[in-house]
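The values are calculated or read from the model by the stated rules, or taken from the named source; none is laboratory data. Given the structure is predicted, the values throughout are model-derived calculations rather than measurements. Neighbour counts are summed over all protein chains in view; Cβ atoms, including those assigned to glycine, are modelled from backbone coordinates with ideal geometry. SASA here: full protein model, heavy atoms, side chains in, ligands and nucleic acids out. Shrake-Rupley method; radii C 1.70, N 1.55, O 1.52, S 1.80 Å.
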Amino acid sequence: MERLQKLIAQAGLASRRQAEEWILQGRVSVNGRTVTELGAKADPERDYVKVDGRLIRPPGQKVYILLNKPRQVVSTADDPEGRVKVTDLVRAGRRIFPVGRLDYNTEGLILLTNDGEFSRIVASAGGPLEKVYHAKVRGTPAPEAIARLRRGIRIPGGVRLAPCRIVPLKAGSSSWYEVTLTEGRNRQVRDMFGLMGHPVLKLRRVRIGFLTDRGLAPGQHRRLTPGEVERILAAGGRRRGGRAEGGNLNRSGGSDNL
Ligand code: URA
C-alpha cells in the first residue's frame, strides 16, 4: 500500500505536493470513491486510482516502449545534472526505466519498461537480442584493425570483448560501419574504434533484435505490440530452459560472414 500522492507522483503526473492539492480538491478517487484525506493509501497492483476520472495506472499493467533516443538525452531515469532524460520524452502513466544505456551523444533505439524480467532478457550479454549500430569513425581503419575488432579485442581493465560482426558501409575521410554486438558494455563501440585510433564521430543504434527504427524519427516512440513482447519473453524462457540462443529474434541482414 502506498500513499495516493506518492502513486500519482510515481506515475509522473505531478509532484507529491501538487498531488496533495488534487486530493484535497476532491479530484482523486480510489475504486470509484472520492478520497480527500492526505493519509489515504492504495495498492497499485489492485486498486483503481483515478485523477479527474482518468485512471492513472491500471493495476498490474506492464508497459513496453521503444524510443528512438535523440542525441544529448541521458538514458537514465535520474540525472543529478538536470539534463533531459529518456523518461522525459515518454508519457507512460507510470514509473518506467530504460533497459541498458546509450551514451549521451548516441542516438537510436532504447526500450523502456516497468518489467524487470523483460529488462533482464533484453540486456543480457549473449542473450537472444543482438544490438546493431551504425558508427561514423574518423578516417578509414586498416582491414587488419577491423579484423581484430571482429575477433574481439581486449579493452582497458583486461576484459576481452566477444567476437562481433562489422560491415563496412562507406569509406572516405570518415567511414561508416554497421556493428552488431551480442553484449552491451558501456561505450563499447566508441572504445573499440577509439583503441584502433579511429574515434567514433557519430553513433546510432538502429536495431535491437527484430525491432528496427523504421518509422521512428529521433524523439519518437511507440508501444511494443503484445506479439512483440511475447516473442521477447518467450526467447528469455527458452534460454533459461537451455535451448539454443539467438533463435529467430535477429534478422540476419545477410552479413553473418563478415
Ligand atoms: N556503444 C557505445 O560506445 N555507446 C553506446 O551508447 C552504445 C554502444
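In table form, for the structure just shown:
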{"quantity": "The lone exception for residue 41 - which of (1) touching a Lys or Arg at 6+ places or on another chain (Cβ under 6 Å); (2) surrounded by 17 or more Cβ atoms within 10 Å (Cβ to Cβ); (3) touching a residue at least 40 places away in the same chain (Cβ under 8 Å); (4) of a type outside the set (Val, Ile, Thr) it fails", "calculated": "(2)"}
{"quantity": "Residue that is more than 16 Å from the ligand (Cβ to nearest atom) and touching a Phe, Trp or Tyr at 6+ places or on another chain (Cβ under 8 Å), where the choices are 99, 167, 90", "calculated": "167"}
{"quantity": "Meets criteria (within 29 Å of residue 15 (Cβ to Cβ) and either out of contact with any strand residue (DSSP E or B) (no Cβ under 9 Å at 6 or more places or on another chain) or more than 16 Å from the ligand (Cβ to nearest atom) (or both)) for residue 83", "calculated": "no"}
{"quantity": "Some residue of segment 174-192 being over 25 Å from residue 99 (Cα atoms), outside the structural domain of residue 236 (by TED's automatic domain parsing) and not in a strand (DSSP E or B)", "calculated": "no"}
{"quantity": "Positions within segment 49-93 being buried (at least 18 other Cβ atoms within 10 Å of the Cβ), modelled with pLDDT under 90 and not hydrophobic (A, V, I, L, M, F, W, C), in sequence order", "calculated": "57"}
{"quantity": "Among (1) closer than 24 Å to residue 8 by Cα; (2) under 12 Å from the mean Cα position of the chain (by Cα), the one test that residue 123 misses", "calculated": "(1)"}
{"quantity": "Residue in segment 142-154 that is touching a helix residue (DSSP H, G or I) at 6+ places or on another chain (Cβ under 6 Å), open to solvent by less than 40 Å² (accessible area, probe 1.4 Å) and within 12 Å of the ligand (Cβ to nearest atom) present", "calculated": "no"}
{"quantity": "Check on residue 104, within 16 Å of the ligand (Cβ to nearest atom), surrounded by 22 or more Cβ atoms within 10 Å (Cβ to Cβ) and touching a residue at least 24 places away in the same chain (Cβ under 8 Å)", "calculated": "no"}
